[in-house]
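This report refers to the structure that appears directly beneath it.
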Amino acid sequence: GTAAIYRVKHGKDMVAPDASLPHATAYLRMVTGEMPNEQQADALEKYLAFKKTVFFGGKTASEDSAETWEWDGTTWSQKSPATSPAARSGHAMAYDAVRNVTVLFGGFSNDGSNHFYSDTWEWNGSAWTQRSVNGPSPRWGPSMAFDAGRGVSVLFGGYSFDGSNHYYGDTWEW
């Protein structure tokens, strides 16, 4: 498969896969033009059907974000979909090459509620659609990749806290 999760550190020097390449193997620095505010980019995902990279959410110094941005290899564009997942960080994303959508799962809201998410959303290049609230337990920090051979997104692991720490070693498919 060609999908992978990209994590970058806090600040304006952001790194993303080169959207013009057929596989997510090359990186480039993006330091000019309009771009997401200074925040930790928890999930960037390249979606090949549109030759773009989608970025959702993340954490600023004081709060989580619900912004959606796209990178076309040259320019960042902020999107304004009618609906979107709640602000969060620590979620997972993978590009589903069969259905041409980016799948988002889980994450954590640091808004004072300390809410762990277990919802599944899909980005089709113009809109977010909530697909499921049932499935894996709520968690932060899972990994997700698309298995092109079987045509499924595979989610692994993560963490949650409900009075004690839970580190997951389970695997789920979407």
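The values are calculated or read from the model by the stated rules, or taken from the named source; none is laboratory data. Note that the structure is a prediction, hence the values are computed from the model and not measured. All Cβ positions, even for glycine, are placed from backbone atoms using ideal geometry, and neighbour counts span all protein chains on display. Heavy atoms of the whole protein, side chains included, go into the accessibility calculation; ligands, DNA and RNA do not. Shrake-Rupley method; radii C 1.70, N 1.55, O 1.52, S 1.80 Å.
Here is a check on your reading of the model: is ARG99 in a loop (DSSP other than H, G, I, E, B) and not aliphatic (A, V, I, L, M)? Yes; evaluated as a whole, the condition is true for this residue.
Within segment 152-174, the set of residues being open to solvent by 40 Å² or more (accessible area, probe 1.4 Å), among the polar types (S, T, N, Q) and modelled with pLDDT of 95 or more comprises just one member, THR171.
None of SER126, SER160, SER153 is part of a strand (DSSP E or B) and closer than 23 Å to VAL54 by Cβ except SER153. The residues of segment 133-150 include none that are in a strand (DSSP E or B) and free of Cβ contacts under 8 Å to residues at least 40 places away in the same chain. Picking from residues in segment 126-151 that are of a type in the set (A, V, I, L, M) and open to solvent by 30 Å² or more (accessible area, probe 1.4 Å), the one that is farthest from THR171 (Cα to Cα) is ALA127.
Within segment 127-144, the set of residues being hydrophobic (A, V, I, L, M, F, W, C) and modelled with pLDDT of 95 or more comprises ALA127, TRP128, MET144. One residue alone among ALA92, ALA148, ALA86 is more than 18 Å from VAL54 (Cα to Cα) and among the small types (Gly, Ala, Ser), and that residue is ALA148. Residues of segment 71-90 that are modelled with pLDDT of 95 or more and under 12 Å from the mean Cα position of the chain (by Cα): PRO85 alone. Every condition in (1) open to solvent by 60 Å² or more (accessible area, probe 1.4 Å); (2) under 30 Å from GLY149 (Cβ atoms); (3) out of contact with any helix residue (DSSP H, G or I) (no Cβ under 8 Å at 6 or more places or on another chain); (4) polar (S, T, N, Q) is met by ASN100 except one, and the failing one is (3). Scanning segment 94-125 for residues that are over 18 Å from TRP172 (Cβ atoms) and either within 12 Å of the chain's Cα centre (by Cα) or among the hydroxyl-bearing types (Ser, Thr, Tyr) (or both) gives SER109, SER113, TRP123.
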